[in-house]
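Everything below concerns the one structure shown next.
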Amino acid sequence: MARLPYLEADQVAPEYRDMLKRNTNLHKLLVNSPEMARAFHGIGGYIRFKSKLDPRLRELAILQVGWMEKSEYEFTHHVKIGKEFGVTDEDISGLMAETDGKSSKLEPLAKAILKGAREMVRELAMSDATFAEIRQHLSDEHMVDLVLTIAFYCGVVRVLATMKIDNEPYYKEVLEQYPIPGVN
């Protein structure tokens, strides 16, 4: 159960109701601090709609963070979002295999991005070797977007866990398809 209330549109000042267009528990809780919620929405919106980073690769990086952190909410939401941006079931199976140190059919750049995300989750930063490998394929702008995307979602999973935000019931079917080890 969440540590703060989920607010509905009628509980929020009219100038902040636009932040509840995405009817998720995360957004309903964050709007308890409307200006912080607006700032959060700003970077999240940039990542999803304005970044020039390939959206499939972006979503794979976000999924890797959710998987590594055992964040049911983050992982299941981004499975659905990722599929809108070209992530396939084979990609998700590849992510799981790569996380377990097994080979997959993912292309080398996707493997390197997943490795970089794992390193940022586990070690705080990407190794020089992984950064250099990814940098061979991405521009400086794309590298900044990738690193900030991974870092942002490392933060998001901590917000979800600390605030004990409940996953919406309709995402449970995703968890049934892709059970996260150690998550009920």
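Among the listed residues I81, I92, I43, which satisfies the condition of being crowded, with 20+ Cβ neighbours inside 10 Å, in a helix (DSSP H, G or I) and β-branched (V, I, T)? Working first, answer last.
On the way: I81 fails: crowded, with 20+ Cβ neighbours inside 10 Å; I43 fails: crowded, with 20+ Cβ neighbours inside 10 Å.
The unique qualifying residue is I92.
Which pairs turn up if I take residues in segment 2-14 that are among the charged types (D, E, K, R) and look for partners that are not in a helix (DSSP H, G or I) with beta carbon separation below 8 Å, at least 6 apart in sequence or on another chain?
Once the first residue is among the charged types (D, E, K, R) and sits in segment 2-14, its partners that are not in a helix (DSSP H, G or I) give R3/K164.
Could you list, in sequence order, all residues of segment 101-120 that are in a helix (DSSP H, G or I) and either open to solvent by less than 80 Å² (accessible area, probe 1.4 Å) or over 20 Å from R58 (Cβ atoms) (or both)? Before the answer, list the steps.
In the first step, residues of segment 101-120 are kept if they are in a helix (DSSP H, G or I); the result is 108-120.
Selection gives L109, A110, K111, A112, I113, L114, G116, A117, R118, E119, M120.
Could you list, in sequence order, the residues of segment 58-75 that are in contact with a Leu (Cβ under 7 Å, 6 or more places away or on another chain) and either closer than 17 Å to L114 by Cα or outside any helix (DSSP H, G or I) (or both)?
Going through segment 58-75, the residues in contact with a Leu (Cβ under 7 Å, 6 or more places away or on another chain) turn out to be 60-61, 63-64, 67, 71-75.
Those that are in contact with a Leu (Cβ under 7 Å, 6 or more places away or on another chain) and either closer than 17 Å to L114 by Cα or outside any helix (DSSP H, G or I) (or both): L60, A61, L63, Q64, W67, S71, E74, F75.
Which ones in segment 13-39 are within 19 Å of E168 (Cβ to Cβ), outside any helix (DSSP H, G or I) and open to solvent by less than 60 Å² (accessible area, probe 1.4 Å)?
Going residue by residue through segment 13-39, those that are within 19 Å of E168 (Cβ to Cβ) are 19-32, 37.
Adding the requirement that they be outside any helix (DSSP H, G or I) leaves 21-24, 31-32.
Scanning segment 13-39 gives T24, V31.
E84 passes all but one of (1) farther than 20 Å from V183 by Cα; (2) in contact (Cβ under 8 Å) with a residue 24 or more places away in the chain; (3) among the acidic types (D, E); which number fails?
Evaluating E84 over (1) farther than 20 Å from V183 by Cα; (2) in contact (Cβ under 8 Å) with a residue 24 or more places away in the chain; (3) among the acidic types (D, E) leaves (2) as the failure.
Mind checking which pairs have a first residue in segment 95-124 that is more than 18 Å from Y178 (Cα to Cα) and a second that is assigned to a loop (DSSP other than H, G, I, E, B) and modelled with pLDDT of 95 or more, Cβ under 7 Å, 6 or more apart or different chains?
Note: pairs meeting the criteria are L109/H137; G116/M126; E119/A125; E119/M126; E119/S127; M120/M126; V121/E69.
What pairs come out if I take residues in segment 163-175 that are within 20 Å of L30 (Cβ to Cβ) and pair them with residues that are assigned to a loop (DSSP other than H, G, I, E, B) and open to solvent by less than 60 Å² (accessible area, probe 1.4 Å) whose C-beta lies under 8 Å away, six or more apart or interchain?
Once the first residue is within 20 Å of L30 (Cβ to Cβ) and sits in segment 163-175, its partners that are assigned to a loop (DSSP other than H, G, I, E, B) and open to solvent by less than 60 Å² (accessible area, probe 1.4 Å) give M163/A2; K164/A2; I165/A2; D166/A2; E168/T24.
Go through segment 123-178 residue by residue and tally those that are outside any helix (DSSP H, G or I) and among the hydroxyl-bearing types (S, T, Y). Show your work before the answer.
The first filter runs over segment 123-178 and keeps only residues outside any helix (DSSP H, G or I), leaving 124-127, 136-139, 164-168, 178.
Now narrow it down to the ones that are among the hydroxyl-bearing types (S, T, Y): 127, 139, 178.
Looking only at that region, the number is 3.
With open to solvent by 70 Å² or more (accessible area, probe 1.4 Å) and acidic (D, E) as the only criterion, which of E98, E72, E123 stands out? Even if it seems obvious, please write down each step before you answer.
On the way: E98 fails: open to solvent by 70 Å² or more (accessible area, probe 1.4 Å); E72 fails: open to solvent by 70 Å² or more (accessible area, probe 1.4 Å).
Of E98, E72, E123, the one residue that is open to solvent by 70 Å² or more (accessible area, probe 1.4 Å) and acidic (D, E) is E123.
The values are calculated or read from the model by the stated rules, or taken from the named source; none is laboratory data. Just so it is clear, the model here is predicted, and its values are computed rather than measured. Glycine also receives a Cβ, built like all others from the backbone with ideal geometry; neighbour counts cover every protein chain displayed. Calculation scope for accessible area: heavy atoms of the full protein, side chains included, ligands and nucleic acids excluded. Shrake-Rupley method; radii C 1.70, N 1.55, O 1.52, S 1.80 Å.
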